[in-house]
Amino acid sequence: MAQRLATEYVKTCLTLSEAEMIQFIKLFDVQDVQLEVQVQVTENGSQEIVLRDDSGEEVSLTFERRQGKYVCEGSCRVSNPKLSNLIRKAVSQFKGDAIVNRIYPAFTMKYVYKRGSVVQISEITSGKHKLVYEYKDTVGQLERLYRQQNVERQISSVYSQIDQLLDERNRSDSASGQRSVDEQLARLAHKLFELEA
């Protein structure tokens, strides 16, 4: 098995509540990883969390205070596999979005996280991307298909109403009756245009 050289969190986004922020800090206070955790609070309430392992490797995560939440958007590179695993757990547990490169001597594995779940894995070798895994939102696809069928039913109903109005217009002898039908037909034509768009 190839030895991982580093894990690069290319683009990471976490949004935490006050309570989640406390849980996030506690996540890094574990026995099997010798880790020093420093939390610095700035004037506006933002927090900078510095994680330092026993080898001296340091990762700094800045959480900006926005509308009562803590938002971390940034990147970092981690060599310590245990620290990397803790950051991965944090992204997963706190439903974060991230693009993560796991760097090996001959290739890189790229992981894409959406709301804490891996949605895509690619292998990058000599600049070439090979898709290894991609999440398929089958339920979402079925819901979209159902909505499309719902629109088709509405279109069919509008066509049926138009047919009835055209028959009514052909039977009408008065100009005012025809104008009334024409107004209704114009509204239905507009609705049909919207549905078909």
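The values are calculated or read from the model by the stated rules, or taken from the named source; none is laboratory data. Keep in mind it's a predicted model, so treat the numbers as computed, not measured. Heads up, the Cβs are rebuilt from the backbone with ideal geometry, glycines too, and the neighbour counts pull from every protein chain shown. Each accessible area value is taken on the protein alone, full model and side chains, heavy atoms only, with ligands, DNA and RNA left out. Shrake-Rupley method; radii C 1.70, N 1.55, O 1.52, S 1.80 Å.
Listed values, structure above:
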{"read-out": "Accessible surface, per residue, of the chain when the full set of protein chains is kept, probe 1.4 Å, Å²", "value": "66"}
{"read-out": "Inter-probe distance in nm under a simple model that places probes 7 Å from Cα toward Cβ, at Leu166 and Thr125", "value": "6.2"}
{"read-out": "With every protein chain in place, the chain: carbon and sulfur % of accessible area (1.4 Å)", "value": "48"}
{"read-out": "Distant-in-sequence amide H partners of Ala6 (H built 1.01 Å from N, under 5 Å)", "value": "Ile103"}
{"read-out": "Rounded tilt (10° steps) of 18-27 against the dominant C-alpha axis of the chain", "value": "40"}
{"read-out": "Long pairs among Lys26/Lys136; Lys95/Lys130; Lys11/Lys69, criterion Cα-Cα beyond 22 Å", "value": "Lys26/Lys136; Lys95/Lys130"}
{"read-out": "Under Karplus coefficients 6.51, -1.76 and 1.60, residue-wise ³J(HN,Hα) of the range 157-163 in Hz, glycine/proline x", "value": "5, 5, 4, 5, 5, 4, 4"}
{"read-out": "Eligible aspartates and glutamates near Lys128 by straight Cα distance, threshold 20 Å, same-chain separation 8 or greater", "value": "Glu8"}
{"read-out": "Computed accessible area, Glu57, all protein chains, 1.4 angstrom probe, square angstrom", "value": "30"}
{"read-out": "Sequence of Tyr70, Tyr146 when ordered by accessible area, the most exposed leading, probe 1.4 angstrom", "value": "Tyr146, Tyr70"}
{"read-out": "Farthest positive-ward along the chain dipole, Cα basis, beta-carbon charges - from Gly68, Gln161, Asn44", "value": "Gln161"}
{"read-out": "Cα→Cβ-extended label distance, 7 Å offset, between Ala186 and Glu43, nm", "value": "6.2"}
{"read-out": "FRET efficiency, Leu5 to Leu142 (Cβ-Cβ, R0 35 Å, nearest 0.05)", "value": "0.25"}
{"read-out": "Total charge dipole magnitude, the chain, about the Cα centre, Cβ charges on Lys, Arg, Asp, Glu only, Debye to nearest 20", "value": "460"}
